[in-house]
Amino acid sequence: MKIHNETIELQTGGFPDIIDLSHQIDEVLTGSGIRNGVMTIFVPGSTAGVTTIEYEPGLLKDLPALCEKLAPRGVTYQHDETWHDGNGYAHLLAALFKPSLQVPVIDGSLTLGTWQQVVLTDFDNRSRRRKLIIQIMGE
C-alpha cells in the first residue's frame, strides 16, 4: 500500500464562498500514481467544510440560502458572546457540513457522479487563507 499526502492552499472570500476543487484534486490524484484506493480531502479549521454538489449557478445560490435558514447570520450565538467574533453561525454550519470527505479511487479516477463536484465551503465572516490536506491511500 502507498500513501500520498499533499497540501493545497486557497484564498477564500468568506461566507458564502463555494470553491470547486475538481481540477486541483484531479491533479493531486494523477501525480500520486495511485490507481485504486481512497482519497480523503480535509480542511483544518472550524468554520469551513468539504462536501459534494452539482457546481452550477442555481445551487450556488440555493446552498447559501439553505445555510441562512439553518444558522442565520445576525442572530446572537453563545459562541459570539464568548469570543465576540460574530461567526457563531459559521461554526455551526461547519459542524453540519463536516471538515472532510472520502472518495473511492478506481482505475485512477475519483468515483464521482456525472454532475457531482467536490467543493470547499467557507462559512466564516471574513476571507481566509485555507489549507486543504489531501491524503490518498492505495496502490
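The values are calculated or read from the model by the stated rules, or taken from the named source; none is laboratory data. Everything numeric here is computed off the predicted structure, so don't read it as measured data. Neighbour counts run over all protein chains shown; Cβ positions are idealised from the backbone, glycine included.
What to note about this one:
- Which numbered condition T111 fails, given (1) loosely packed, with under 15 Cβ neighbours inside 10 Å; (2) farther than 24 Å from N36 by Cβ: (2)
- Screening Q116 with (1) in contact with a Ser or Thr (Cβ under 7 Å, 6 or more places away or on another chain); (2) under 18 Å from S46 (Cβ atoms); (3) surrounded by fewer than 17 Cβ atoms within 10 Å (Cβ to Cβ) gives one miss only, at (2).
- Residue count for the range 81-99, restricted to those that are surrounded by fewer than 16 Cβ atoms within 10 Å (Cβ to Cβ) and of a type outside the set (A, V, I, L, M, F, W, C): 5
- Scanning the range 87-139 for residues that are within 13 Å of the chain's Cα centre (by Cα) and among the polar types (S, T, N, Q) yields a total of 4.
- Residues (under 17 Å from the mean Cα position of the chain (by Cα) and either under 17 Å from G108 (Cβ atoms) or loosely packed, with under 14 Cβ neighbours inside 10 Å (or both)) located in the range 42-58: P44, E54, E56
- Matching residues, the range 18-30, being of a type in the set (D, E) and not in a strand (DSSP E or B): D26, E27
- As a summary of the residue check, F15 satisfies the conditions (1) surrounded by 12 or more Cβ atoms within 10 Å (Cβ to Cβ); (2) part of a helix (DSSP H, G or I); (3) not charged (D, E, K, R) except for the one numbered (2).
- Verdict on G49 being modelled with pLDDT of 95 or more, in contact with a Pro (Cβ under 7 Å, 6 or more places away or on another chain) and small (G, A, S): yes
- If you filter the range 126-139 down to residues that are part of a strand (DSSP E or B) and of a type outside the set (K, R), you find that the one that is farthest from T12 (Cα to Cα) is G138.
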